[in-house]
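Participant: Here's a structure for you.
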Amino acid sequence: NGEFTITSLDPDLAFTVLVAGSGWQPQFISKVDPALKPLVVTLKPPGGGDAPNKIMQGRVVDAAGKPVSGAVINIRGVTRGSGTQFGGNGDVDAVAVSDDGGKFVLTSTNSFDSVGVDVEARGFAKGIFQYLKTGGEVHTLKLTEGATLKGRVIKDGKPLAGVEIDVSGANREA
């Protein structure tokens, strides 16, 4: 019947939930407050993709070439002709989730030449991939193992409680 329960959520927070199922378009739902009411989501069948130039196929793998299941693939930009549009690409799937074989498909109702995506999966560093062309090719997107950052926030030699930490990556060679 599609029911689910996620326990031990902080009642003071709102959440973003990703709902995905094989053969369906994944959907993000923002600002979900579990204290208000149960979440009801109706997934849609894939849209578009009725021609090779409306489909980009990929496979997410680890450093050893093994499939990565459950990776979230987000659109960064869509290239058509000599221009790339970042945002506002409502005709292209905004997100995909890799299946047990690491495979995913991004479709569009209009033709496009290529897409740029970022890929996130638990235990792996975020991957950014550009100019993935449409057509029959299945692009292999290799993720590397993520890192763990450990530390302690102190002020005047004493630990500080309740501090939020944010980490932003940058290319070491930039």
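Participant: How many percent of the accessible area of the stretch 78-174 is carbon or sulfur, using a 1.4 Å probe? Intermediate results must be reported in sequence, preceding the final value.
Facilitator: Details: 3330 of 6930 Å².
The value for the stretch 78-174 is 48 percent carbon and sulfur by accessible area.
Participant: Just how far, in whole angstrom, is the stretch 123-174 from the stretch 11-48 if you go by their alpha carbon centroids?
Facilitator: 24 Å
Participant: In nm, to one decimal, how far is the GLU137 label point from the ASN1 one, both placed 7 Å along Cα→Cβ?
Facilitator: It is 4.8 nm.
Participant: Using 0.36 nm per residue of separation minus the Cα-Cα distance, give me the extension gain between ALA125 and GLN85 in nm, one decimal.
Facilitator: Details: separation 40, 0.36 × 40 = 14.40 nm, distance 2.52 nm.
Answer, rounded to one decimal: 11.9 nm.
Participant: Still on this structure: Could you please report the charge total around THR134, scoring K, R as +1 and D, E as -1 over all other residues with beta-carbon less than 11 angstrom from its beta-carbon?
Facilitator: Details: positive: LYS54, ARG80, LYS133; negative: ASP113, GLU137.
Summing Lys and Arg as +1 and Asp and Glu as -1 gives +1.
Participant: Turning to a different aspect of this structure: For LYS158, which aspartates and glutamates qualify as cross-link partners when the Cα separation must be under 13 Å and same-chain residues fewer than eight apart are set aside?
Facilitator: Qualifying aspartates and glutamates at Cα under 13 Å: none.
Participant: Here's another thing I want to ask about it. Considering only DSSP beta bridges whose two residues both sit in the chain, what percent are antiparallel, to the nearest 5?
Facilitator: On the way: 33 of 38 bridges.
Antiparallel bridges make up about 85 percent of those DSSP assigns within the chain.
Participant: Hand me the GluC sites (Glu not before Pro) from the stretch 98-152 located in a DSSP loop with no more than 14 other Cβ atoms within 10 Å, in residue order please.
Facilitator: On the way: sites: GLU120, GLU137, GLU145; in loops: GLU137.
For GluC sites (Glu not before Pro) across the stretch 98-152 that sit outside H, G, I, E and B with at most 14 neighbouring Cβ atoms in 10 Å, the list reads GLU137.
Participant: Could I ask something else about it? Treat each spin label as a single point 7 Å out from the Cα along the C-beta direction, and report the LYS155 to ALA64 distance in nm.
Facilitator: Label at LYS155, label at ALA64, 4.6 nm between them.
Participant: Could you tell me the center-to-center distance, by alpha carbons, between the stretch 50-76 and the stretch 103-117 in angstrom?
Facilitator: One Cα centre to the other: 10 Å.
Participant: Just subtract the alpha-carbon distance of THR42 and THR109 from 0.36 nm times their residue separation and send over the number in nm, one decimal. All intermediate terms of the calculation are to be shown ahead of the outcome.
Facilitator: Working: separation 67, 0.36 × 67 = 24.12 nm, distance 2.03 nm.
That works out to 22.1 nm of additional length.
Participant: List, in order, the whole-Hz ³J(HN,Hα) value for each residue of the stretch 13-27 obtained from phi through the Karplus relation with A = 6.51, B = -1.76, C = 1.60 and θ = phi - 60°; use x for Gly and Pro.
Facilitator: 10, 9, 10, 9, 10, 9, 10, 9, x, 4, x, 10, 6, x, 9
Participant: Let me ask you something else. Probe 1.4 Å, all protein chains in place: accessible area of ARG76 in Å², nearest 10?
Facilitator: About 90 Å², rounded to the nearest 10.
Participant: I'd like to know how the stretch 1-76 sits against the 2.2 N^0.38 Å rule of thumb: what's its Cα Rg over that expected value? Could you put the intermediate results ahead of the total?
Facilitator: Values: Rg = 16.1 Å, N = 76, 2.2 N^0.38 = 11.4 Å.
So the stretch 1-76 has a normalised radius of gyration of 1.41.
Participant: Candidates (i) 15.3, 47; (ii) 18.8, 83; (iii) 19.0, 63; which is the computed Rg and Dmax of the Cα atoms in Å?
Facilitator: (iii)
The values are calculated or read from the model by the stated rules, or taken from the named source; none is laboratory data. Since we're looking at a predicted model, the values are computed, not measured. Positions of Cβ are generated from backbone atoms using ideal geometry, with glycine treated the same way; all protein chains shown enter the neighbour counts. Keep in mind that these areas ignore ligands, DNA and RNA; they rest on the heavy atoms of the full protein, side chains included. Shrake-Rupley method; radii C 1.70, N 1.55, O 1.52, S 1.80 Å.
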